[in-house]
1. Go from 0 up to the bin containing the longest alpha carbon distance in the range B:148-249, width 10 Å each, and give me the % of pairs per bin.
2. To the nearest Å, what is the center-to-center distance of the range B:182-220 and the range A:188-226, using C-alpha atoms only?
3. Ratio of the protein assembly as shown's C-alpha Rg to 2.2 N^0.38 Å, to two decimals?
4. If each of A:Trp87 and B:Phe126 carries a label point 7 Å out from its Cα toward its Cβ, how far apart are those two points in nm?
5. Quick one: length gained pulling A:Tyr313 to A:Thr166 fully straight, 0.36 nm per residue minus the C-alpha distance?
6. R0 = 41 Å: FRET efficiency of A:Lys177 with A:Val200, Cβ-based, nearest 0.05?
7. Sticking with the crude label model, points 7 Å out along Cα→Cβ, report the distance from B:Phe17 to A:Val320 in nm, one decimal please.
8. Using a simple charge model, +1 on the beta-carbon of Lys and Arg, -1 on the beta-carbon of Asp and Glu, nothing else, what dipole does the protein assembly as shown show about its Cα centre, in debye to the nearest 20?
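Read-outs: derived from the displayed coordinates by stated rules, not from any lab. These figures come from a predicted structure and were not determined experimentally. Cβ coordinates were reconstructed from backbone atoms using ideal geometry, including for glycine residues, and neighbour counts include every protein chain displayed.
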Amino acid sequence: MRERLKKIPVNKYIDLALFLFLVTFPLYQKTYWIYVMSGIMAYMIFALSLDLLWGYTGLMSMGHSVLFGAGGYMVGISCAYLSEASWIKYDRLPWFLTPLSSEIGAFIMALVVPGIIALFIGLFMFSGKIRGVFFSLITLALAGIAELFVINQSTYTHGDSGITITSRTVLSNSADKRMTDFGFYFVVFAFLLAAYLLCVLLMKSRTGKVLKAVRENESRLQFLGYKPASFKLFIFVVSGMMAGLSGVLFVRVQGSINYTAIGINLATLVLVWVAVGGRGNLTGAMVGTILLQVAETILNSTFSNISADFAQYWKLALGVIILIIVFFIPKGFVGTLVEAEQRRKDRNRKERILRKGGVNGNG
Amino acid sequence: MADSKVLLEVRKLSVEFSGFQALTDVNMKIYEGELRVIIGPNGAGKTTFMDLVTGKTTPTAGRIYFDGADITKKSASEIAKKYKIGRKFQGPNVFDNMTVKENVEIATEGYEGLFRSIFFRKTDAFKERVNQILREIELYDYRHFMACDLSHGQRQWLEIGMVFAQNPKLIILDEPTAGMTAEETFKTGEMIKKLKGEHTIIVVEHDMDFVRQVAEFVTVFNYGRLLAEGPLEEVQKNPEVIAVYLKED
């Protein structure tokens, strides 16, 4: 039993602690923090989806918010349509958005549309053999385009004012079926747990190992008989759908969506969360999100309390903190821990091999 | 050898890289079960020849036949998966930040498709096969190490092991002993000799001690052309070969 416990990597214990913390959090916290933490958990799903892509597969998407926002906007448009928001001038949704007129349809669309967007971006990128920094730059441009697109399509998106959403359950879009902050917290928590378990299973599978191999040495993989493009496309679509889900949950928590949820701002934020936490171990993505978002909330209110003129500088303070972290621990908090553990285990193994006398292993 | 089946045949194979003629009219036959050593000075076109056979580069002229099929313009992954040609690259080319065991598991044949990999479960036979390969390449004790933490020679062995795991019909080893100590080189030679007969093997090598250890039939390349071919003793006496190559030794 003790041997088996020793084999579990350190980040799994952090995961366990994190989920225990999250599940008990609302029991002793005020509504404000429950509300804040619900939003953070939705962001954690988003960070996990980027970690699949960036941390494991090595595809640094600088426009992952496009998929987050696509999910969010599906629910937003549906909500506005069903609750007949005052700014709506159209009578019917266009044919490709008709599923949004039902509540379940909107939820499905919020998963399917980001999936389809990811599929098309992926087909274009991976069959054209676009790699590395070019992938990042193109996705960054897409985030910029998406931002302008939703501002321009004001008939459905209400331009730069965004859409206010009055309902708060997973499926319902009507204002009278509203869950409390406390109740909805656990809905988000359940989705986070499910998303996390899905990621763990997927990355433990052979597919997960192949994705790591894509990150490590894509061209070598071809000579082993794999087609890296199909694996990249698969994970991009899975990650896109997860990002869409997180978008839905976040919009429901926050009660509104505007262009910032689809643009470069959020796309960069999520990169920072994952970088600060540590890439490629899932824990880092979640820890990074929670640390930076809590820091942001606290800094924001602290700076606002000092004086109204001073309020805007909280971003500067946060930026400096992030720079310091990335400079001193480039692998992120959890990444550094995991690496230290791996090194310690390697040392022990080396000693054991030397004790056995020689490199020849038959055991 | 004449009575056994031709596994790989190249006819009038040429390739040109923006004006530079890397290979010119190479004709060559490799028989099933053979261990062929290709030697030649730097820039002779040995690695280019491997690139053409494994689908990394496409030839400007000529044809490549493998096991009766024309594989001239097939993709690298198709050649590896469908036609089963496994290749070890020059200098260890492995998955650095993955464990030794994971490296071998990834290489193990039969689960290269996306859907098969999603629903893949490790069977006992699979585990046994991976462990057997790890023992053959003497890295069983190192199976949980990251590939980047191994010594240079061990990384070479790991890549050789990955090629075994593919269970290919034709094994191509590009400078398998580069950067190895004399002892490691000898061990590698014994590993390769053990495979002879079960597999068809092409080895590109510079180290003449190693060539003498394993080679029977040798092909010599020079300036992108096939210079000589024959049993090692015969080739060693060939004055042309001595002039371009063996005198360095």
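1. Each 10 Å bin holds this share of Cα pairs: 13, 45, 32, 10, 0.
2. Taking the Cα centre of the range A:188-226 as reference, the centre of the range B:182-220 is 37 Å away.
3. 1.16
4. 5.2
5. 49.8 nm
6. 0.80
7. So the label points at B:Phe17 and A:Val320 sit 5.1 nm apart.
8. So the dipole magnitude of the protein assembly as shown works out to roughly 1300 debye.
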